[in-house]
Every structure is written in C-alpha cells, then in structure tokens.
1. Could you tell me which residue of segment B:199-209 is farthest from the other protein chains (Cβ to nearest Cβ), considering only residues that are within 15 Å of the chain's Cα centre (by Cα) and open to solvent by 30 Å² or more (accessible area, probe 1.4 Å)?
2. Name, by its number, the condition in (1) surrounded by 16 or more Cβ atoms within 10 Å (Cβ to Cβ); (2) more than 27 Å from B:ARG441 (Cα to Cα) that does not hold for B:GLN416.
3. A:ASN264: within 14 Å of another protein chain (Cβ to nearest Cβ) and within 30 Å of B:THR484 (Cα to Cα), yes or no?
4. A:GLY86 fails exactly one of the following numbered conditions: (1) open to solvent by 60 Å² or more (accessible area, probe 1.4 Å); (2) on the phi < 0 side of the Ramachandran plot. What is the number of that condition?
5. List the strands (runs of 3 or more DSSP E) that sit entirely inside segment A:173-225 and contain at least 3 residues that are within 16 Å of the ligand (Cβ to nearest atom).
6. Can you spot a residue in segment B:372-391 that is touching a Pro at 6+ places or on another chain (Cβ under 9 Å), closer than 23 Å to B:LYS472 by Cβ, open to solvent by less than 80 Å² (accessible area, probe 1.4 Å) and of a type in the set (Gly, Ala, Ser)?
7. Looking at (1) over 30 Å from B:GLU288 (Cβ atoms); (2) without any contact (Cβ under 8 Å) to a residue 40 or more places away in the chain; (3) not in a loop (DSSP other than H, G, I, E, B), find the lone condition where B:ARG382 falls short.
8. Filter segment A:231-245 for residues that are within 11 Å of another protein chain (Cβ to nearest Cβ) and in a loop (DSSP other than H, G, I, E, B) and give the result.
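The values are calculated or read from the model by the stated rules, or taken from the named source; none is laboratory data. Since the model is a prediction, treat every value here as computed from it, not as a measurement. Using ideal geometry, Cβ is built from the backbone for each residue, glycine included, and neighbour counts are taken over all protein chains shown. Accessible surface is based on the protein model in full, side chains and every heavy atom, while ligands, DNA and RNA are left aside. Shrake-Rupley method; radii C 1.70, N 1.55, O 1.52, S 1.80 Å.
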Amino acid sequence: MRYFWAAFFMFWPIVAIVIFTISPAMNWWFPGAGDPDSLTKGQSMTPLGVDIDNLFYLILIITSVVFVLTHIALGYVLFRGARDEGKKALFSHGSHALEVMWTIVPTGILIFISLYQLDVWRKFRVMSSFPEAAVEAPVAEVTARQFEWRIRYPAPGKKLQLKPQPDDLYTVNDLHVPTNRPVMIQLRSEDVQHSFFAPQLRVKQDALPGQVIPVWFEVTQAGHYQLTCAELCGWGHYKMKARIVAEPQTQFGKYLHDLRNEQNDDGVQDKKSGDADDE
Amino acid sequence: MRVLQLLILTLAFAACLPGCDPPESTFVYNTKTEELTRDVGSAVKERLDGDFGSPKNSVAWLRMPVDYGTFKGEVVEVDEDASSAYQFRVKFGSNGDEETDGEDEEDGQASPTPGEMNLAGLAIIWKSGDYAGGSQIDGGKRDGEKLATLQVAAWSKDEENGEEGLLSLRQLMDPPPAVGDTFEIVGHKLSFGRQLYAAHCQHCHGTSGDGAGPTAEYLNPRPRDYRPGKFKFQSTLKTNRPTDGDLQRIIKKGIPGTYMPSFLLLEDDEMDSIVQYVKWLSMRGEYEIKLVTQLYFDYEKVVFDEAVESALEDGLEEFEDGTRDEKPTKRSIQDELIETANADLPDIAEQESNVLKDAWTKENMTVVVPLVARTPDTAESRARGRVLYVQNCAACHGATGRGDGEQVNAYMVNDQTREKYPEPGLFDDWGQSIKPRNLTRGIYRGGRRPIDLFRRVFEGINGTPMPPFKGKFDNDKKINDARTWDLVNYIYHIPFESRGKSAGDSATKHGRTAASTPSTR
Ligand SMILES: [Cu+2]
C-alpha cells in the first residue's frame, strides 16, 4: 500500500498511451480509420479538413505530452516520498521564479494555439476568404427541417437565387456536388436549430431558422459521404440521415440534367425518364 | 428500521424487474369490432388472427397479392437410417421444381438464395414429393393455402458453398422428405418488413397501422391510418389502391409539409420489404373493417339485444300456439342467432377477402396517364388555367390560392353519419380537420412533377374533400386533359404571382402574366 498513490498516477499515462495507440485500429478514430475497405481510411476528404485534422493532432500532441509528463513527475514525487521513509520533507514558501515559469509557459502555448488556428478558422468561416468560384455560384440551398434535408438546385446554367424560382430542381436527403472544385451551399432551417454535419469532409455548421448560412468545402475524392444532423432537434433527430454524393463535373452535370427530366415528367413525354410506377 | 427500509427498497426493485420487459406487441382491433356482441366479436377476431396472425407471428396468407418473399430449394441429403427427420441438407437457388417454376425461368433471373439470413419462423411449402400440396405439416390450417409462419427452426449455410446447408424444422417430418423433393420457404420479406416497420414507421403509424403510434399525437397532420385501405397520393384511379411504386415514392421522397420524412437511404431490399409489410398491414385492417361491416347491422351489441328480446317474444308465442316444441329461453335464442352468424362468417370472409385481393391486384389498377402531353407553359395557357381555377378551385383554395376559400368557413356534412360537423371547415375520411392546400407556398405534398399535379386534379385526393375533376372541363377527353394542363400550369405559377405583386418583382415575364390574368387581389 505504500506505493499505491505513486502507482495510481503512473497508471494513467500508460492507459492514455495504450488508448492512443489502439484507437485507429478499434475504429475509435476519424471515420473509416479502422476499416481498410473504407473510402476515407480516416483521412479527410477535403483539403481544409486536412488542416483541421492537423490542428487537432497538434493540440492532441501538446496535451498528451503535458499529461504524460505531469503524471510521471507526480508519480515520481510520490514514489520518492514513499520510498524515503523517515526523511524530513523540505518546507518552502514557494518559488517566485517557478510560479512565473508555469504561468508564462502555458500562456505562451495557449496564445500560440489561438494564433496558429486563426488561418484555418478564417478559411472555414470568414466569407470574404471563401474561394471566389464557390461564392459566385452556390451549388444548392440545403434546408434542414424536422426530420430531413430538403435540397434546391438552380436550373442547369442558372444561378441560385435567394427565393425559389420556377425552374429550380428539388431533391431530398441527397446532395450532389462536383469534385475537385470548391463548392458552396446556402444552409437554412425551416423550423428549429439543426446542424449540417459531414464527418468525412470535416464540415459541421449549425442551421438556424431565419438565417441563410453559407458553407463551403471542396471534395477531392468522388464517392458517397454521410450527412447527418449534429444538433438534437426533436424526437426524430436520428432520422436525419442523408448523403452527399461527390462526382466529377461531367457526371454532376448529367445528374442535374436527369433531375430536370424527372421533375418535368408529365407522364407522356420521355417515358424512359419516368418512374417505375408508371409501367 | 434501517433493515426494513432496505428490504422495502429491494422488494420494490425486484417488483419492477418483470415490469421492465418491453410490452408484447399486439394488433389492436377496430372500435366497431369491439362493439359487436361478444361472441360474434370474438369470432371475427379469431378469424382475423387466423388469417393474418400477430405482429410476432405473422401469417403469410397466400391468397393476398403480397410478395412475401420466396426462396426455392431442393433436398440434397437426408439421414438414410432415420424414419423421421427434423433436419436435412438442402440446396437453394437451384432450378427447383421443373414443372412449376417455368414462369420464373422466363425472367432469366436466378432464384434468390438466403445467404446468411435468419429463416427461423418462416413457412415451408413442399412443391414436389410426398408432401407436395398437402397440409400434413402446415399445422392443420383450414385450407391448404393458409400457412402459419412457424415452420423453419434454423438454417445454417455451408462455409464453402453458399447455396447449400442444413435446414431444420420445428415440426417433425415422419417420414422424412426424399432427396430431390423441392420446396419454397415463404415470408422473409414479411418478417424483414416487420423489423424495419418497427424501427422506422411504428412509432407514428402504430403497430396495427392505425396511425396511432406514441408520437402520433404530437403531429399535425396526423400520420395515416392504413386500415381503411385509402392512400392519398397515388398514380392510380381514386377508387384503386396505390401501386408498389406509389408507396415507394412516398417513402423515398417523404411528404413535404408534413412530418413524413424521406427514407431515401433505405436499401432496395429494405424498401421492397417495408412496402410489402405496409400493404399487408393495410389488407389486415381493411379485412377486419369489411368483416365487421357485414355483421354490424345485425350483431352490434344494442341491436342484437333488442333482436334477442323480440325473437324471444315471438318464440314464446309460437310455443304457446304449439308451433314450437321447446320453450325458448333468452340463452337459446342468443345461441341460435350467434350460430347463424358463425355459419355466415366463413362465406363473408371468403367473399370479402376476394374483394380485397382483387382490389390490390396490380392488373386491376389503372394508372392515370394524360392523353396529351403537357401544354407549353405560356401566359395564354396560364390565363386559361386561371379561369378554370376561379370556377372550380377558388371555393376551397381561395381566389389567391392561399387555401382560404369560403368553404373553409362552411359546415361540412359527415358522409358516414349524414350529420353536420360541429365545427366549420373541411374534414377528411379519417375525421380529421383538414385545410385546403395553400398553393402560394410551392409545397406539393404528393410530388411536384407535372404528372403528380395532373393526377391530383384529375382523380382528386382519396379520403379528402378534394374531388376528381376528370371530364369536368370538357366532354372531349383530349381537350379535357389539355384544359387540365392549363390549370396545372396556372397552379405552378401561383407562388410567383403573389410574390411578384407583393415584392414588386421586376421580372417582366411574371409582370406580363399577372397583367394578362384577372386581378388576384
Ligand atoms: Cu436535425
């Protein structure tokens, strides 16, 4: 029992290191990290997401090193105290130099983190820093509602307007975007607060009723990505499961073209674009 | 004292343990079934349960046009020494019975195999061999086509060959089946559909499909009650049932403007199974309503008691006249009448289930297809549409399309009771207050394609006061359809018309149209 507290504080840094090490393989990491068949393999599918991941890793490394070192130091002190029984403890009124140091060093680290992340924050949230091409022609308006995502695209060749237009195209729970170019969506909510969350793209933005919030991202890898709601928005919150389909520009153009044909289906012309129920 | 407190706490905890089990899921019966005199009511319930089962033990009633899901297989190995067998080796996806599956081979599709699927509880029907066509092991049900879905106990697939494996049954086969006997395992879509329905739909639409799940009361409009067999948004005639495609479309796209969300990400097999289950649930509900309707006139509790009284009086008179041998008692008269009901019930069930079967058979449905293509969306077409709108739609949907026509303040007559509703406004067949759609919002519940709007106008909306307008605009069918397109064109334009006026929209195209049509305010 003499060494209990020393062992206790030495135990946690070991647990932390073990957990860090096995996390990716256990699928406790970024989406797809533990799954060799996944499209993402734990990587972000947007360039900005890579920057966000790097920030995350930086903070993780700083906090882990500090955590492990402080616990080892604490454990060592307790170990010494327990071992050297009968030895008189040193009495001190404190060290001014030491106190200044442990104030300045964390302050310095925090200031460094807060300044270092500003650039990523600016790219992600400050509209004047958004890629111009994305701002000029938003791909779609995404409206969250209880409990689904309603999507409105401008007609091919036209620009998205704030108000619905007669030739707009509509889908639900299925957001298509072109790959390898920055795209912007206009995010709205029809009722309560929701959150547009695409974990594999590292995009998360709250949707607020009464506001139109621009969100941009650039998907580098074609594929299907999850879109979920990350704000508990009511009893059917869990139903807000949707997908983002990233595809090359030509395919995206074809998608909009097909969508327009489907939406203009009058049951007579262009039978092949009609739905199965008309057979 | 301390010990006593502890004891009470422990006992209270122990008492709550059995209560922590989830409640058994059951189908509820219609209120009208409960209003039947007791013996007749329970006979109806018994028949209903026999034909459709319970949520946990559902019956794939093969008469009903539901795709319950079938796996075809063949016995490949039976223990030779045994005189009876619970289990034997089978092969799925084979060519199966050569005589009967000719129609499937025409599709050129391989018969599906169950793979890792859990087949426990599904029915097995023998197609060849000694057990073919017989009811030896189908639990002795009333007729050969009826099957309790309680047959297969387990299926374990071979590792190296996915089509072969060991099949065990819950009932003993004595003698065992012969090698080469073919069979079908029926009902996997029904049981899969039930699981999916429980996960996605049940909390609103209810276990019985009565639209009364636990979350239903928070919703406006209320979730659909499937039991009357009425579906609002379908591609078929108003009197028809919806096609599988119609149901799929609603599940995929959701119903904007309501709480019915989109379930777009369901896999194809999930979607198929849910649709089959919803159809089956609707058939069960409507079957019950149909049976009860046939009996309600004579066997509703109050009516029945009166009938017993008067029959007793007549009987006593006859006894005194000497035309009746035994002195009748209330009990004997009751028994007599109930016996008649019980004797009639099989015929009623036969007849009504056939009506239901025909209604849901795809060949009997007519999909509404316009005779002419959509009229180009010009100002002239919309102006013609506007005239039709004012004549036919404005009474409910309002002159400006806001859903505020004068009918909203009128008192409607209940179709069933022939009485006026106590409150003004419109009501649907489920007795819920319903508002004419506000057409200025550009939200189209049944879909926003031109064909969707055409069908809504042409056939009306089942179960609601929205009537069909087919043939109302012109005696010539083609001209009528062209007029309908004019109206559809105008309806599409309504959201932009009101906006153009209020917001001073400078778009000249819209301004011109508004000027060429009668003033809307
Ligand atoms: Cu939400």
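1. Step one: filter segment B:199-209 for residues within 15 Å of the chain's Cα centre (by Cα), giving B:201-202, B:204-209.
Imposing the further condition that a residue be open to solvent by 30 Å² or more (accessible area, probe 1.4 Å) reduces the set to B:202, B:207.
On the way: B:GLN202: 13, B:THR207: 18 Å.
Only one residue tops the list, namely B:THR207.
2. Failing condition for B:GLN416: (1).
3. Numbers: within 14 Å of another protein chain (Cβ to nearest Cβ): yes; within 30 Å of B:THR484 (Cα to Cα): yes.
Judged against the criteria, A:ASN264 is a match.
4. Among (1) open to solvent by 60 Å² or more (accessible area, probe 1.4 Å); (2) on the phi < 0 side of the Ramachandran plot, A:GLY86 violates only (2).
5. Values: elements: A:174-178, A:183-189, A:194-198, A:203-207, A:213-217.
Counting at least 3 such residues, we get A:183-189, A:194-198, A:203-207.
6. Within segment B:372-391, the subset touching a Pro at 6+ places or on another chain (Cβ under 9 Å) is B:374, B:377, B:383, B:386-387, B:390.
Now restrict to residues that are closer than 23 Å to B:LYS472 by Cβ: B:374, B:377, B:383, B:386-387, B:390.
Cutting the leftovers down to open to solvent by less than 80 Å² (accessible area, probe 1.4 Å) gives us B:374, B:377, B:383, B:386-387, B:390.
Those left that are additionally of a type in the set (Gly, Ala, Ser): B:383.
Yes; the residues of segment B:372-391 include at least one that is touching a Pro at 6+ places or on another chain (Cβ under 9 Å), closer than 23 Å to B:LYS472 by Cβ, open to solvent by less than 80 Å² (accessible area, probe 1.4 Å) and of a type in the set (Gly, Ala, Ser).
7. (2) is the only condition that B:ARG382 fails.
8. Answer for segment A:231-245, where residues must be within 11 Å of another protein chain (Cβ to nearest Cβ) and in a loop (DSSP other than H, G, I, E, B): A:GLY234, A:TRP235, A:GLY236, A:MET240, A:LYS241.
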